[in-house]
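Notes for the one structure printed next.
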Amino acid sequence: SLPLVLCLGLLVAGCKPQPVAGSPIRREPAVTSGKPKPTQSTAPSGPSLADISHELKNDSYEYYGLGREKPMTMSVTANGTTNPGSQDVRLLAVKPDEAQFEIISTDALAIMGRNVFALRKDGIHVIESDMTKTDPAEFELPAGLQPGRSWTVNQSSENNGGAMKLRLVQTVVRTEKLKTKVAEYPDALLVTGVGTGTLNGKPLTIETKSWFVKGRGNVKYIIKQSSAGKTAETTVEEIP
């Protein structure tokens with residue numbers, strides 16, 4: 001699945017992402033010593049999707065593809081060129097009130113870095129990102145995705161190639177037929193977005209169109225941006 005809001009890192013593509021402040025899940029460094037580690041007969045098992053409660057497996061979980069077990073390969077088309085990339089979803093932890101996932105992007109999507117999400121009863125929230133700073137109270141994708149549902153995200157990003165600030169209003173439009181190079185879907189969920197902000201201090205406007213498929217995730221999206229008198233379009237779509 002492709003992060004709907006974090007895909008905006010592509011607006012400053014070509015820059016090496018730098019970590020931004022947030023509420024990261026901290027991982028303790030491994031402790032090493034001169035003594036050999038004892039051999040374990042069985043490795044401890046990690047969290048399982050089966051451990052997630054039915055209440056948490058809402059429509060945002062399904063449309064975001066958090067239960068997908070294989071990486072998704074995508075094509076990224078911008079400036080007349082197309083390059084492949086991929087994203088992998090991994091379950092990190094399961095708690096009574098939330099499940100935490102990480103999404104790691106590679107190749108042409110590496111600009112989006114590593115992102116950590118919390119799945120809660122009200123939807124999916126960003127709690128850690130290599131690329132962008134977002135209020136953890138805001139939605140990446142809310143639950144209750146009925147036509148007309150709308151939500152707003154305020155986001156910022158800074159790296160050695162520039163800075164972006166954006167206010168994006170997203171709206172669920174409808175379910176519709178969608179054909180990609182992988183499959184033809186009868187009921188993909190269309191979500192559109194309209195955003196205003198600044199890119200390197202200059203006014204920025206963007207429009208987004210994203211299609212989500214239950215159990216699969218964000219299989220296609222289009223970003224149109226205008227800034228400093230220039231307009232550009234980026235299309236990301238699943239490929240075999």
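Considering each residue of segment 179-198, count those that are in contact with a strand residue (DSSP E or B) (Cβ under 8 Å, 6 or more places away or on another chain) and open to solvent by 20 Å² or more (accessible area, probe 1.4 Å), and give that number.
Count: 12.
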Residues of segment 111-127 that turn out to be touching a residue at least 40 places away in the same chain (Cβ under 8 Å) and over 11 Å from the mean Cα position of the chain (by Cα), as a count: 6
Elements of type strands (runs of 3 or more DSSP E) in segment 37-116, at least 1 residues being farther than 20 Å from I222 by Cα and open to solvent by 50 Å² or more (accessible area, probe 1.4 Å): 81-94
Condition check for K220: basic (K, R), in contact (Cβ under 8 Å) with a residue 12 or more places away in the chain, under 19 Å from G65 (Cβ atoms) and part of a strand (DSSP E or B): yes
Extreme residue, modelled with the lowest pLDDT, among residues of segment 143-161 that are in a loop (DSSP other than H, G, I, E, B) and surrounded by 12 or more Cβ atoms within 10 Å (Cβ to Cβ): G161
Residue, farthest from G67 (Cα to Cα), within segment 117-141, restricted to residues that are crowded, with 22+ Cβ neighbours inside 10 Å and of a type in the set (A, V, I, L, M): M131
Test: residue in segment 167-176 that is acidic (D, E) and either within 22 Å of T81 (Cβ to Cβ) or out of contact with any Ser or Thr (no Cβ under 9 Å at 6 or more places or on another chain) (or both): yes
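The values are calculated or read from the model by the stated rules, or taken from the named source; none is laboratory data. Source: prediction; values computed, not measured. All Cβ positions, even for glycine, are placed from backbone atoms using ideal geometry, and neighbour counts span all protein chains on display. All accessible areas refer to the heavy atoms of the entire protein, side chains included, with ligands and DNA or RNA removed. Shrake-Rupley method; radii C 1.70, N 1.55, O 1.52, S 1.80 Å.
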